[in-house]
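The values are calculated or read from the model by the stated rules, or taken from the named source; none is laboratory data. This one's a predicted model, so the numbers in the text were calculated from it and none came from an experiment. Because the Cβ atoms are built from the backbone with ideal geometry, glycine has one as well, and the counts that use them run over all protein chains shown.
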Amino acid sequence: GLPARVRIHEVGPRDGLQNEKALVPVAIKAEFIRRLAEAGLTTIEATSFVHPKWVPQLADAEELMPLIDDVAARLPVLVPNERGLDRALALGAREIAVFASATESFAKANLNRTVDGALEMFEPVVAKAKDAGVAVRGYLSMCFGDPWEEQVPISQTVSVSRRLLDMGCDEISLGDTIGVATPGHVRELLATLNEAGVANDRLAVHFHDTYGQALANTLAALQHGVTTVDASAGGLGGCPYAKSATGNLATEDLVWMLDGLGIETGVDIGRLTATSVWMARHLGRPSPSRTVRALSQK
Ligand code: HMG
Ligand code: MG
């Protein structure tokens, strides 16, 4: 069966904008987040407290946070290490995400660490965040494939997921960073995670749409019992440290499907589409989302 309700974890302002060539002014970012909340999104990943040279697009995190402190939504931020956590806590962040990799190649490219080295870096971050009453999400990238490594064994993904949960992460977001997953692979990974004691309510799915499979993969995850889905307004996004990563599953494409299935999200697709059209104008290119294009041409 399918769930009655799905929680959408909106990643457009973070995963989306981190990969845009254009530097978006901080006031536009704040307005984007405000409009997403007004469209009914209840979790909006706002920015990253990473090294500003690694992701210059999000180097304005300190300026952004005070502009959105009255937005009525959960506003998680990405944090790689204690330096990032301190910056986030100083600005009142109530929710953070650390981001691990299932593969050595991507751990090196994205975090300049081994898989183990990255987990060691996160341990004190998660502990300190939990002490401060801050919720922690653990992203796990390259769960289904990696641009540098042929295959990513399911056992490897399951083992890093377990370690993230054991160190105190509240939720794991399974990332198909380069968009190569297909529904059978999704079902197999979720079943193996369940066998390893990871319940569906601790899991989220994070699909990129490179091969046009994001929605099919999402449906497979929903049928399996997962109820938290990551998506990016207008299909913005990618990852600057993963060649061949394109945008995330577009939030509008997701909401169109869920509306049709009678699954509640609380999102108003008209307001959301208007927001993505507005953002696309600022970015100077049309949204890649089919749903945004269809609805905005009506
Ligand atoms: P490093 O070069 O190993 O850093 O990078 P370090 O620990 O050696 O520190 C070097 C210098 O950086 C020091 O300064 C630190 O203070 C400073 P110095 O003493 O030389 O003057 N520094 C910082 N400054 C500000 N904020 C910080 C910070 N940390 C260190 N937080 C590091 C290691 C983790 C910092 C770096 O690799 C990094 O920032 N990586 C971030 C990459 C990133 O953001 N990628 C995109 C997000 S992941 C993603 O998109 C995937 C996802 O969507 C899921 C999916 O699709 O799979 C989540
Ligand atoms: Mg991503």
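Things to note:
- From 198, 205, residue being more than 25 Å from residue 252 (Cα to Cα) and either free of Cβ contacts under 8 Å to residues at least 60 places away in the same chain or in contact with a helix residue (DSSP H, G or I) (Cβ under 6 Å, 6 or more places away or on another chain) (or both): 198
- Taken over the range 67-91, the criterion of being small (Gly, Ala, Ser) and within 13 Å of residue 47 (Cα to Cα) is satisfied by 84, 88.
- Residue among 152, 160, 180, 186 that is β-branched (Val, Ile, Thr), surrounded by 15 or more Cβ atoms within 10 Å (Cβ to Cβ) and touching a residue at least 60 places away in the same chain (Cβ under 8 Å): 160
- Residues that are more than 11 Å from ligand 1 (Cβ to nearest atom) and either in contact with a Cys (Cβ under 8 Å, 6 or more places away or on another chain) or on the phi > 0 side of the Ramachandran plot (or both), drawn from the range 8-24: none
- Test result for residue 122, touching a strand residue (DSSP E or B) at 6+ places or on another chain (Cβ under 6 Å), part of a loop (DSSP other than H, G, I, E, B) and surrounded by 23 or more Cβ atoms within 10 Å (Cβ to Cβ): no
- Comparison of 254, 261 shows that the only residue that is buried (at least 24 other Cβ atoms within 10 Å of the Cβ) and of a type outside the set (Phe, Trp, Tyr) is 254.
- Within the range 14-25, not a single residue is in contact with a helix residue (DSSP H, G or I) (Cβ under 7 Å, 6 or more places away or on another chain) and under 18 Å from residue 271 (Cα atoms).
- Failed item in (1) within 16 Å of ligand 1 (Cβ to nearest atom); (2) assigned to a helix (DSSP H, G or I); (3) touching a helix residue (DSSP H, G or I) at 6+ places or on another chain (Cβ under 8 Å); (4) not aliphatic (A, V, I, L, M), with residue 99 passing the rest: (2)
- Pick from the range 208-225, criterion in contact (Cβ under 8 Å) with a residue 40 or more places away in the chain and more than 14 Å from ligand 1 (Cβ to nearest atom), ranking: nearest to the chain's Cα centre (by Cα): 215
- Qualifying residue in the range 78-101 (condition: without any contact (Cβ under 8 Å) to a residue 60 or more places away in the chain, under 30 Å from residue 265 (Cβ atoms), of a type in the set (Lys, Arg) and more than 16 Å from ligand 2 (Cβ to nearest atom)): yes
- The residue list 35, 5 contains one member that is touching a Ser or Thr at 6+ places or on another chain (Cβ under 8 Å), away from ligand 2 (no atom under 16 Å from the Cβ), more than 16 Å from residue 69 (Cα to Cα) and at pLDDT 95 or above, which is 5.
- Lone qualifier among 2, 23, 36, 41 - being touching a strand residue (DSSP E or B) at 6+ places or on another chain (Cβ under 6 Å) and in a loop (DSSP other than H, G, I, E, B): 41
- Residue 250 being more than 30 Å from residue 104 (Cβ to Cβ) and within 16 Å of ligand 2 (Cβ to nearest atom): yes
- Qualifying residue in the range 250-267 (condition: hydrophobic (A, V, I, L, M, F, W, C), part of a helix (DSSP H, G or I), within 16 Å of ligand 1 (Cβ to nearest atom) and closer than 18 Å to residue 11 by Cα): yes
- Residue match in the range 222-239 (condition: assigned to a strand (DSSP E or B), at pLDDT 95 or above, surrounded by fewer than 23 Cβ atoms within 10 Å (Cβ to Cβ) and β-branched (Val, Ile, Thr)): yes
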